[in-house]
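Notes to accompany the following structure.
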Amino acid sequence: MKPKIKLAIILVGIVGVALLATGIFLYNKPHKNYARAKVEVSISAGELYDAFNKDEQNANEKYLGKIIAVNGTIINKTNNRNNSLSIFLFDDFSGVTCTFDSSYVATNQHQLQGLQVGQQVKIKGRCDGFLSDVRLSKCSIELDN
Amino acid sequence: MKNLFYIILLFASVNSNAQKYITRDGHIDFYSHAPLEDIRSTNDQVAASLDIITGQLSFAVLMKSFEFEKALMQQHFNENYIESDEYPRASFKGDIVQLSDVNFEKPGDYKVRVKGKLTLHGVTQEIDVPGNLKISKKSIVAYSTFNLKPKDFNIKIPAAVKNNIAESIQVNIKVELTP
């Protein structure tokens, strides 16, 4: 075989393997580590709720899908059916609901159990949107108050 | 006379609170079975309510709260199919048909029919599906399995992935409602 053709085949082979590897890598890419994610917005629970309550479309443009550090007073705290935990800030039903995955709950039991109603707290999570309350998912406790 | 009025008002307000059953962490999962791929996703943050006097049933769910095993699949679901930045929420508002067939005082598993408007991806469709109300002393568990077609809600599946995503998706909903 001519050396040039051999070289061409090898190059195509390398590119092919690279594309395949990229595809497999992307397909299996891990979920974002939300506990280590960079905060994009820092806001109080009351302000965040008001923003969505007054103008949902505007608030969605600003906050939907973003990593938000929300600070506020714990109004309530409940264990959910799938072993996740929800902490309600600003108001029980018309406030900011912060949900911690069951995996986070399992490894941070002590820290979460220690949180009391009435306590000031800073929680980081992804803003999933607005039902009658603002919902934050993938939450973690932010320690630098 | 005034006192009688206030007493009646008190009873009315107490009764109206006892008729609405709600949850904030209800469960929805869906399953797509296709030749090349099976897709499963779960959402455990469903808000739902049932008025046991009127039979009005409603639920609301945020699309970004649907979890997938594969991050890439979750990304495609949000960005390409459901377009959750434009349509972050799906909701249902309807009624239990023939509510009188259900005795809320008597624990049991009642087969019901649910009719109403489902809004998904910005499109509203009338749905009429079977379901169950499992009544116990502590709660009402409403559950149902039904099928939805992505195309009915303008959800575009490119030809390239026709064998990865089913034309008809199975949806399971299970919400435990308390007063």
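Things to note:
- Among the residues making up segment A:61-86, those that are in contact with a Gly (Cβ under 9 Å, 6 or more places away or on another chain) and under 20 Å from B:Asn43 (Cα atoms) are A:Leu64, A:Gly65, A:Ile67, A:Arg81.
- Residue in segment A:110-145 that is nearest to the other protein chains (Cβ to nearest Cβ), counting only those that are of a type in the set (Asp, Glu) and either within 15 Å of B:Val61 (Cβ to Cβ) or part of a strand (DSSP E or B) (or both): A:Asp128
- Checked against the criterion of being closer than 29 Å to A:Asp91 by Cβ, part of a helix (DSSP H, G or I) and more than 14 Å from chain B (Cβ to nearest Cβ), the candidates A:Leu48, A:Leu20 yield just one match: A:Leu48.
- Any hit, segment B:147-169, residues being without any contact (Cβ under 8 Å) to a residue 24 or more places away in the chain, touching a Ser or Thr at 6+ places or on another chain (Cβ under 7 Å) and surrounded by fewer than 16 Cβ atoms within 10 Å (Cβ to Cβ): yes
- Filtered residues of segment B:63-119 (kept if within 14 Å of chain A (Cβ to nearest Cβ), assigned to a helix (DSSP H, G or I) and surrounded by 14 or more Cβ atoms within 10 Å (Cβ to Cβ)): B:Met63, B:Lys64, B:Ser65, B:Ala71, B:Leu72, B:Met73, B:Gln74, B:Gln75, B:His76, B:Phe77, B:Asn78
- In segment A:51-99, the residue that is nearest to the other protein chains (Cβ to nearest Cβ) out of those that are of a type in the set (Lys, Arg) and closer than 16 Å to A:Cys139 by Cα is A:Lys66.
- Test for A:Tyr49: is it under 21 Å from B:Arg89 (Cα atoms), more than 17 Å from the chain's Cα centre (by Cα) and in contact (Cβ under 8 Å) with a residue 40 or more places away in the chain: yes
- Residues satisfying the stated conditions in segment B:28-56, i.e. over 30 Å from A:Tyr27 (Cβ atoms) and among the polar types (S, T, N, Q): B:Ser49, B:Thr54, B:Gln56
- Complete set of residues in segment A:23-43 that are within 14 Å of chain B (Cβ to nearest Cβ) and outside any helix (DSSP H, G or I): A:Asn28, A:Lys29, A:Pro30, A:His31, A:Lys32, A:Asn33, A:Tyr34, A:Ala37
- Residue match in segment B:120-132 (condition: within 14 Å of chain A (Cβ to nearest Cβ), loosely packed, with under 15 Cβ neighbours inside 10 Å and not aliphatic (A, V, I, L, M)): yes
None of the figures in this text is laboratory data; all of them are computed from the coordinates on show. Being a predicted model, the structure only gives us computed values, none of them experimental. We place every Cβ from the backbone using ideal geometry, glycine too, and count neighbours over all the protein chains shown.
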